[in-house]
1. Over segment 45-134, what is the relative contact order in percent, taking alpha-carbon pairs closer than 8 angstrom and at least six residues apart?
2. How large a share of the accessible area of the chain, in percent, is made up of carbon and sulfur atoms when the probe is 1.4 Å and the other protein chains stay in place?
3. Measure nothing fancy, just the Cα-based angle from helix 259-275's long axis to the longest principal axis of the chain, in degrees from 0 to 90, nearest 10.
4. So which of Lys94/Lys291; Lys30/Lys291; Lys30/Lys206 end up more than 19 Å apart by C-alpha?
5. Using the heavy atoms of the protein chains alone and a 1.4 angstrom probe, what is the accessible area of segment 1-55 per residue in square angstrom?
6. Quote the relative contact order of the chain in percent (integer), defining contacts as alpha-carbon pairs under 8 Å separated by 6+ residues.
7. Hey, with R₀ at 35 Å, roughly what FRET efficiency would Trp290 and Arg125 work out to, going by the Cβ-Cβ distance, to 0.05?
8. Can you give the Kirkwood hydrodynamic radius for the chain, in Å, rounded to one decimal and based on Cα pairs?
Amino acid sequence: MIFNSIMQMIGNTPLLKIDLGYKNVNAFVKMESFNPTGSIKDRACYYNILGAIQDGTLTKEKTILDASSGNMACSLAFFGLMMGYKVKVICNSKLTKDKEDFIRYFGADLKVLGDITFEGNQECRRIANTEEGKQKYCFLDQLHNVNNPKASYETLGPEIYRDLPNVKAVIGSMGSGGSMLGVSRFMKEQSGNIKIFTSQAASGTKIPGTGGFIDGDYKTPFIHELEDKKLYDDTFPITLEQAEKNTEILLSQGVFSGYQAGGVMEAAVQAIEKYNIEGDIVLVIGDAGWKNMEKLKRQW
């Protein structure tokens, strides 16, 4: 297959069949690590940038500005460089050294602030609202940008349904909630029988790419919409120990990922047992293992 630009390589990621140990379940991993920067955030990043170009808020004279726990910052650094824009990102303390090196390698200005992305989001808003900031920056605001869920509504959801038209359940993690909102909107339009499950961090647990809403992490409008419109069927709090164990199981089957993926697998297992799920299910894996090497531990 020939591509004329790196942007054409966003999405259309493969599905890999894995064994979760249930005879009547066909489990597939949506390998979002195959996106250009190794994460699902490439989808929303590209949509957010294109949206800002189309509405005139992003011009070549302005610097892209946004807050991130890491993956979106990597996407912005990469695609900003590819598309000819300067980038400034504010990341929280969950940022791994591997992602930090990636961001700096692609020339983005990086600042680490606070423990949750919303703190960086507020700082971006403050910067963008100063007189200098209005002239200098384009704040993409991934936590509130409608192009975030739109990306998954128009690409990720249709891809899953195209490849698995009889899909019974889709499981993913909630960070900003944009990806799961987009997927859920699309899936529920196809069939009310398709179940959507999410993982979140258990109390006292920090899992990169997974919100700790029980401990007060900021809930975006996307997460509120998921809750208010009942667009997901259940959510499962996952401990770091559960995420670590399942990340190793995924690795044994060829899925090299971070702990976010292990959390999604744990949520899938709990959903299967609680709701007696059978048939085709999809685990949406957010990023690649190489972006999380600082935190990954081998125990076998």
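The values are calculated or read from the model by the stated rules, or taken from the named source; none is laboratory data. Treat the numbers as computed from the prediction; the structure is a model and nothing was measured. Neighbour counts are summed over all protein chains in view; Cβ atoms, including those assigned to glycine, are modelled from backbone coordinates with ideal geometry. The protein model used for the area step is the full one, side chains on, heavy atoms only, and it has no ligands, DNA or RNA in it. Shrake-Rupley method; radii C 1.70, N 1.55, O 1.52, S 1.80 Å.
1. Details: 132 pairs, mean separation 24.6, N = 90.
Once divided by the residue count of segment 45-134, the mean separation gives 27 percent.
2. On the way: 6420 of 12800 Å².
Percent of accessible area from carbon and sulfur atoms in the chain: 50.
3. 40 degrees
4. Values: Lys94/Lys291 12 Å; Lys30/Lys291 17 Å; Lys30/Lys206 23 Å.
Check vs 19 Å cut-off fails for Lys30/Lys206.
5. Ligands and nucleic acids excluded, the figure is 50 Å² per residue.
6. With pairs under 8 Å counted, the relative contact order is 21 percent.
7. The calculated FRET efficiency here is 0.65.
8. 19.1 Å
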